[in-house]
């Protein structure tokens with residue numbers, strides 16, 4: 001994409017109302033704009049990152065055996081009366097009347113709707129187990145939205161729901177999501193620690209929050225130093241019940257707890273290895289048995305002819321919030337440093353002298369070569385000062401920069417810069433193409 | 001995907017409340033379920049088709065130079081007061097009060113929001129021209145929702161908005177979208193005819209509706225027989241102003257009009273070549289000058305230092321509605337016939353005898369080989385009668401079926417069936433893989 005044809009409204013100054021670094025940088029780097037309290041438009045660069053994050057979430061859900069569907073944003077109040085939550089849910093639920101005065105709501109979550117869909121579509125034990133998920137906009141009417149997309153009102157969430165024949169099956173479905181979550185966050189360059197958590201308004205008795213460490217996080221967290229090892233992907237057979245349980249048990253052996261769930265005995269045991277930080281919740285998983293299937297009349301015919309009331313769990317990832325969490329975890333004083341997997345473009349190509357035919361010819365050639373090699377490039381072809389171009393590229397944080405200037409071209413070289421380290425090397429244009437293509 | 005692990009609730013009977021064939025088939029084939037009046041959940045198979053359609057729309061928008069962003073579903077009433085439309089818009093606008101009694105609405109369209117975003121982000125003539133688009137859920141509170149996703153209340157729409165320096169520029173942006181639309185619908189196997197149209201509540205003085213011919217369509221349309229030629233893709237340089245105008249002029253030379261826009265003179269001229277049919281609107285494009293930029297104070301600094309009030313257009317495609325339109329145009333008495341480009345899976349693999357080791361071995365092997373070749377397969381590995389499996393495969397309409405049965409295997413062959421023609425051939429399993437991979 002040529003910047004001369006793009007829409008990238010960057011800001012020099014941090015907006016006064018932005019308190020945390022991710023909110024400031026998302027506004028400054030032209031990723032988002034607020035359109036109402038706690039509601040944001042995703043500008044073109046932000047839209048690309050959001051799609052990258054959603055796609056990683058999707059791939060890891062699919063790999064774990066979950067099946068994608070898509071539920072609507074608006075729901076009928078009657079559905080929520082079946083579970084008893086319509087009156088119980090607080091003012092964070094946005095309640096709506098349509099033109100016929102029917103009571104509706106903007107879904108804050110989808111336990112009721114998925115239970116009704118499964119009740120309609122599943123007949124026998126052969127339809128179990130299943131885990132269904134969607135990636136859809138939700139709305140929670142926060143009394144005081146803040147921190148940009150970290151605590152917005154309209155937000156993009158992946159929510160999955162599992163249906164199992166019994167508690168043991170549900171535990172396996174829970175473990176599938178547990179490992180899928182570790183892999184999902186690791187692919188985004190994040191170390192997310194699963195912590196025992198309260199179940200809150202979802203209900204149930206088994207729950208983990210996945211928390212990314214960040215000094216600007218919303219809550220205090222306590223964990224064993226073992227968690228400071230870098231995140232790794234687990235190569236997993238998701239059908240291997242015992243193998244998956246062993247992975248989950250291995251991870252949860254190391255202490256990690258939110259403020260509400262601290263355990264003095266285990267903290268004493270950790271001793272010098274106990275760490276304290278602040279954290280951002282990016283995922284939350286729950287097992288809640290028959291809390292929804294029972295009152296909503298979800299019954300499945302068992303193999304022996306008897307009735308099964310499926311055991312359920314639900315599993316959320318804050319897709320839009322993750323963009324903020326990634327920036328909190330990966331930035332410096334000049335701007336964002338995107339992990340490669342979620343970067344909106346892999347390469348920022350800078351033409352230092354758009355008024356110089358040699359520079360423009362070389363930069364145009366590189367742009368064509370990079371695209372032909374399948375590399376996604378944002379090409380700063382504008383007639384602007386070099387200093388402003390450098391500042392913009394550092395601010396928006398693409399992993400690689402290729403800089404084409406008149407002095408280098410005289411020597412037959414361009415500069416390749418890695419945003420994360422700031423390291424620059426000079427090399428022939430074709431070597432730069434080869435290097436970013438191989439990366 | 002193995003059907004034994006999928007969620008595909010098909011129905012044998014047509015639901016009583018479904019009046020048109022696409023609505024019946026979408027329910028029967030397990031693509032959608034109604035969750036409230038005019039609101040649908042997209043089941044796994046429907047979700048895949050919806051994603052395919054959206055991706056074709058996206059690719060053709062990108063090819064035409066439009067830039068993707070993503071605006072929220074909820075908007076503030078104040079934004080709509082700036083254009084004067086808040087009070088003018090009828091009861092189809094879903095109006096909402098949040099917990100602080102702020103007036104909001106579920107966006108039925110986004111002219112106001114995009115104008116505000118562009119006003120915030122664009123500074124000079126260098127920021128023109130631009131066309132920005134998003135693919136997002138909309139809500140229109142239809143008084144009597146019907147025909148399934150064809151006239152639902154919550155629906156997925158692609159809406160693009162162009163900003164140009166003057167009317168001539170805006171005409172070129174309009175032509176870009178005109179040609180992009182022809183290509184978009186042609187890729188989905190649809191012949192969509194652009195017809196002069198009323199501009200309605202969007203306003204403006206130049207507008208075309210893109211209409212797919214279907215006997216069950218909502219409106220009467222009249223057109224020259226030349227439009228019956230199959231749709232073709234145009235290989236286009238979207239920056240070529242005169243070339244694009246020539247393409248648009250060529251297409252619009254043939255008469256085509258909706259009921260409100262009939263032209264007796266041109267119909268007389270068409271003579272025997274005049275055709276009448278019913279049609280489904282799948283796209284609508286508008287040029288409306290400064291109708292929003294003027295009242296909303298969108299001003300751009302011109303090259304000469306003067307002020308430009310950009311000329312705008314808007315361009316919609318009914319993404320979710322397209323699924324209904326495609327089915328209206330492509331089905332038979334046994335079910336849906338998906339065009340290859342939007343099919344949820346390319347191949348349906350049927351194991352006729354899940355209780356037979358040879359059949360299951362061969363079918364499992366084909367499943368692995370097809371996936372290794374990058375073909376998307378829905379594998380009916382269930383222990384069901386062959387007749388039921390055939391009926392389900394025909395109903396859901398995947399382009400190819402591969403049928404593995406004991407008699408064929410004795411001869412070393414499987415059957416390959418093309419859903420559209422019903423033609424079956426016997427061939428070795430590896431030839432079947434090669435055939436569908438090449439397709």
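Quick note: the coordinates plus some simple rules give every number you see, no bench work behind them. Note that this is a predicted model, so its numbers are computed, not measured. Here the Cβ positions follow ideal geometry from the backbone for every residue, glycine too, while neighbour counts run over all protein chains shown.
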The helix A:241-252 Cα axis meets the longest alpha-carbon principal axis of chain A at an angle in degrees, between 0 and 90 and rounded to 10, of 70
Normalised per residue, the volume inside the convex hull of the alpha-carbon atoms of segment A:36-75 in Å³ amounts to 105
Checking A:353, A:144, A:382 against a Gaussian network model of chain A (alpha-carbon springs below 10 Å), the top fluctuating residue turns out to be A:144
Bounding extents of segment A:384-436 in its principal axis frame from Cα atoms, largest first in Å, are 28, 24, 15
Expressed in Å to one decimal, the Kirkwood Rh of chain A from all distinct alpha-carbon pairs is 23.8
Restricting to Cα pairs under 8 Å and 6 or more apart, the percent relative contact order of segment B:120-274 works out to 20
Taking every DSSP bridge whose two residues both lie in the protein assembly as shown, the antiparallel percent to the nearest 5 is 85
Computed curve, segment A:132-213, Cα-only Debye sum without solvent term, log₁₀ I(q)/I(0) at 0.11, 0.24 Å⁻¹, is -0.38, -1.44
Length-normalised contact order of segment B:345-438, Cα under 8 Å, at least 6 apart, in percent, tallies to 32
The alpha-carbon center of segment B:224-243 and that of segment A:364-415 are separated, in whole Å, by 36
Rounded to the nearest whole number, the Stokes-Einstein translational diffusion coefficient of segment A:303-439 at 25 °C and 0.890 mPa s (Kirkwood radius, C-alpha pairs) in µm²/s is 146
With Cα coordinates, the longest principal axis of chain A makes an angle with the long axis of helix A:111-121, in degrees rounded to 10, of 70
Only helices counted: for chain B, with every DSSP H run of 4 or more residues adding -39500 (n - 2.57) and the sum spread over all residues, [θ] at 222 nm is -10000 deg cm²/dmol
At R0 = 51 Å the Cβ-Cβ FRET efficiency linking residue B:63 and residue B:146, nearest 0.05, sits at 0.90
Between the alpha carbon centres of segment A:1-67 and segment A:268-332 the gap in Å comes to 25
In vacuo Debye sum over C-alpha of segment B:52-105, base-10 log of normalised intensity I(q)/I(0) at q = 0.26, 0.27 Å⁻¹, listed in q order, is -0.95, -0.99
The Kirkwood hydrodynamic radius of the protein assembly as shown, taken as the inverse of the mean 1/r over all distinct Cα pairs, in Å, comes to 29.2
Inverse of <1/r> over all distinct C-alpha pairs of segment B:210-355, i.e. the Kirkwood Rh in Å, gives 19.5
Helix B:386-396 sits off the longest principal axis of the Cα atoms of chain B, rounded to the nearest 10 on a 0 to 90 degree scale, by 10
Plugging the Cβ-Cβ distance of residue A:278 and residue A:301 into 1/(1 + (r/R0)^6) at R0 = 56 Å yields, to the nearest 0.05, a FRET efficiency of 0.70
re segment A:104-164: pairs of Cα atoms spaced beyond 12 Å account for a percent value of 72
Whole-number value, in Å³ per residue, for the convex hull of the alpha carbons of segment A:1-132 is 192
Counting only backbone N atoms under 12 Å from a point 7 Å out along Cα-to-Cβ of residue A:234, the residues of segment A:65-101 in range are none
